[in-house]
Amino acid sequence: MTTTEVPGPTRLLEPLRAVARRRPDAVALEGPDAALTYRELLGRIDDAATRMRAAGVAPGDTAVLHTTRDARLPVTLLAAWSAGMCVALLDAGLPAARITACETVIRPRWRLSGGPTGLIEPHIEPHDVTGARPARGGSHILLTSGTTGGPAAVLIGPDALRRTLDWYADTFRPGPEDRVALLAGLGHDPLLRDILVPLSSGGTLLVPPADVFAHPAALLGFVRSAAPTVLHATPALLELLLAADTAAHGGGLRSLRLVVSGGARLDAGLARRLRRACEATLVNAYGATETPQIASCAPVDVAALDAAGVPDDAGLDVGGGVAGAELLLDPESGEVVVRSPSLALGYLDATGRAGRFAADPRGAAGYRAYRTGDRGERLPGGGIRITGRLDRELSVNGFRLAPEEIESAARRHPLVLEAHAQSVPGPAGDVLGLTVVPVAGAHIAPGVLRTHLAALLPRHAVPARIRTAPGLTLGPTHKATPGKWS
């Protein structure tokens, strides 16, 4: 990819347009209900962008896109960018109350969806929220868990996204032979990588069937039949695939040449199991919505791990920074700080944690710093290993969670007086746990509270384990603690 001087988010389509000129009849998108060549895909995008402009869309308008995992997603997103809009990505499967809370923060001018099932033409309508927010240089908005009882909205510019994609192309050399599976979480940062990497390099974007996550066997069946060569996945997703592949006697992952793991700690045992299942190059990536995309990564050499006797439960090196970014460690706290020219523009309405964005500690022009809240240690080779958190933020199955938001949702139930969310040990790793203190004389069943939370929070933020307690106590730092989980 080469940078083309095109204003706003429209520049993000330039690599796709270049591919369409070179290889118009190559397959750009392949799914259960559609297969589109580059000529066909670009034609649908341009037609949709024309209809958006005819509806009154102006460059700089903000739109919310209710995302679904199908062929409508890339067409709608890229058409909106072509029309110059800043797009907020929201999983269409979120509870209605959560979608409303997110849209209240975003204040979009337009609402986008993929149109009727079975069709690829996007649907656009004016949003009913007054006081629409302009984009202010952004290409997209992503929502994360906030600390004030609601979602945090991160505004990201096209330059940051383009710069990391250029680095990805130069480093991993995706090309026409590559097939990339659309498996990232809807409304999350890696989703853009799933879409843009193949479509910017002449490869094929593989859209899975709607039930791909219904069961590990369904996920493996898609991978086996679609034969992706590149997979962007969390460690939890890799664990699911490996378990299903083992149950099916192996062979289902052999098409993979590159696996980029991110979103949570990758340990040596998982790396070893993946190497036994396929010959793919495994990369341990690190980043956050605010960085965005990949701020650092390191290739995993399983043979070197074996030679050094690294135990299976050891976390692996995430590198020292890529694409102009550098990972630093705060000398006092050990906090990982990302200094980069490609950070997000910031939080909308101060919805994120205060003080996360800061001036570059080296004072370089065009650089800023992002304080991640992760604790790390410097390895002999110069890279960093993540060792934990400095704050209460949780990471569960690759999702960042602010426990304050979960606790706030729990306290909205009339029978809950206090609540405390934390990660707790589970049979296959840590899971999200919630301790609640009922109002005096009341009893609340975990199933009832889980239903209440499911109406307010994303699925990944609904605790797997819920218990009641007579009260919370103060720990040594004068913070509430519910005691040990049995």
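Out of these labelled values of Cα extents along the principal axes in Å, (i) 66, 61, 52; (ii) 104, 50, 41; (iii) 67, 56, 53, which was calculated from the coordinates shown here?
Label of the calculated value: (i).
Taking a ≥ b ≥ c as the square roots of the eigenvalues of the Cα gyration tensor of segment 17-168, is the shape rounded (a/c under 1.5), prolate (a/b larger than b/c) or oblate? Provide the component values of the computation, followed by the final result.
On the way: a/c = 1.67, a/b = 1.53, b/c = 1.09.
It comes out prolate by the Cα gyration axes.
Starting from the 7 Å offset along Cα-to-Cβ, what nm value, one decimal, do you get for the label separation of residue 159 and residue 440?
Going from the residue 159 label point to the residue 440 one covers 6.0 nm.
Starting from the Cα of residue 171, step 7 Å along the direction of its Cβ; do the same at residue 58; then give the gap between the two resulting points in nm.
Here the answer is 4.0 nm between the modelled labels.
How much length, in nm to one decimal, is gained on full extension between residue 22 and residue 215, taken as 0.36 nm per residue of separation minus their Cα-Cα distance? All intermediate terms of the calculation are to be shown ahead of the outcome.
Values: separation 193, 0.36 × 193 = 69.48 nm, distance 3.93 nm.
Using 0.36 nm per residue and subtracting the Cα-Cα distance, I get 65.6 nm.
Set the Förster radius R0 to 30 Å, insert the Cβ-Cβ distance between residue 301 and residue 37 as r into 1/(1 + (r/R0)^6), and round the FRET efficiency to 0.05. It would help to have the intermediate numbers written out before the result.
On the way: r = 39 Å, r/R0 = 1.30.
About 0.15, to the nearest 0.05.
Stretch residue 365-residue 389 to full length: gain in nm at 0.36 nm per residue minus the Cα-Cα span?
5.7 nm
Shape call for segment 182-328 from the C-alpha gyration tensor, a ≥ b ≥ c root eigenvalues: rounded (a/c under 1.5), prolate (a/b greater than b/c) or oblate? Display every interim value, and only then the final one.
Working: a/c = 1.79, a/b = 1.10, b/c = 1.63.
Verdict is oblate for segment 182-328.
Return the whole-Å distance between the Cα centroid of segment 201-235 and the Cα centroid of segment 138-165.
Centre-to-centre (Cα) distance: 25 Å.
What is the distance in Å between the Cα centres of segment 341-401 and segment 11-46?
36
Label points 7 Å out from Cα along the Cβ direction at residue 276 and residue 104: separation in nm?
Reported label-point gap for residue 276 and residue 104 is 5.0 nm.
Where a ≥ b ≥ c are the square roots of the eigenvalues of the C-alpha gyration tensor, would you call segment 100-252 rounded, which needs a/c under 1.5, or, failing that, prolate if a/b is larger than b/c, or oblate? Before the final figure, lay out the partial values.
On the way: a/c = 1.90, a/b = 1.60, b/c = 1.19.
Prolate is the answer for segment 100-252, as a/c is 1.5 or above and a/b outweighs b/c.
Considering only DSSP beta bridges with both partners in the chain, what is the antiparallel share in %, to the nearest 5?
Of those bridges, close to 65 percent are antiparallel.
Can you tell me the length gained on complete extension of the stretch residue 132 to residue 50, counting 0.36 nm per residue apart and subtracting the Cα distance?
Working: separation 82, 0.36 × 82 = 29.52 nm, distance 2.18 nm.
Stretched out fully, the residue 132 to residue 50 stretch lengthens by 27.3 nm.
Using DSSP to call loops (not H, G, I, E or B), can you name the chymotrypsin sites (Phe, Trp or Tyr not before Pro) in segment 201-288 whose Cβ has at most 16 other Cβ atoms within 10 angstrom? Walk me through the numbers before you get to the answer.
On the way: sites: 213, 222, 286; in loops: 213.
In loop regions of segment 201-288 (DSSP not H, G, I, E or B), the sparsely surrounded chymotrypsin sites (Phe, Trp or Tyr not before Pro) are 213.
Taking θ = phi - 60°, what integer Hz values does the Karplus form 6.51 cos²θ - 1.76 cosθ + 1.60 yield along segment 58-64, in sequence order, with x for Gly and Pro?
With the stated coefficients, segment 58-64 comes to 10, x, x, 5, 9, 10, 9 Hz.
As a check on your grasp of the helix formula, calculate [θ] at 222 nm for the chain: sum -39500 (n - 2.57) over DSSP H runs of n ≥ 4, divide by the residue count, round to the nearest 500. Walk me through the intermediate numbers first.
Details: 12 runs with 135 residues, N = 486.
Using -39500 (n - 2.57) per qualifying helix, the result is -8500 deg cm²/dmol.
Taking the Cβ-Cβ separation of residue 248 and residue 349 as r and a Förster radius of 60 Å, what is the calculated FRET efficiency to the nearest 0.05?
Step by step, r from the Cβ atoms, then E = 0.80.
Bear in mind that the values in this text are calculations on the coordinates, not laboratory data. Nothing here was measured: the structure is a model prediction, and the numbers come from that model. Using ideal geometry, Cβ is built from the backbone for each residue, glycine included, and neighbour counts are taken over all protein chains shown.
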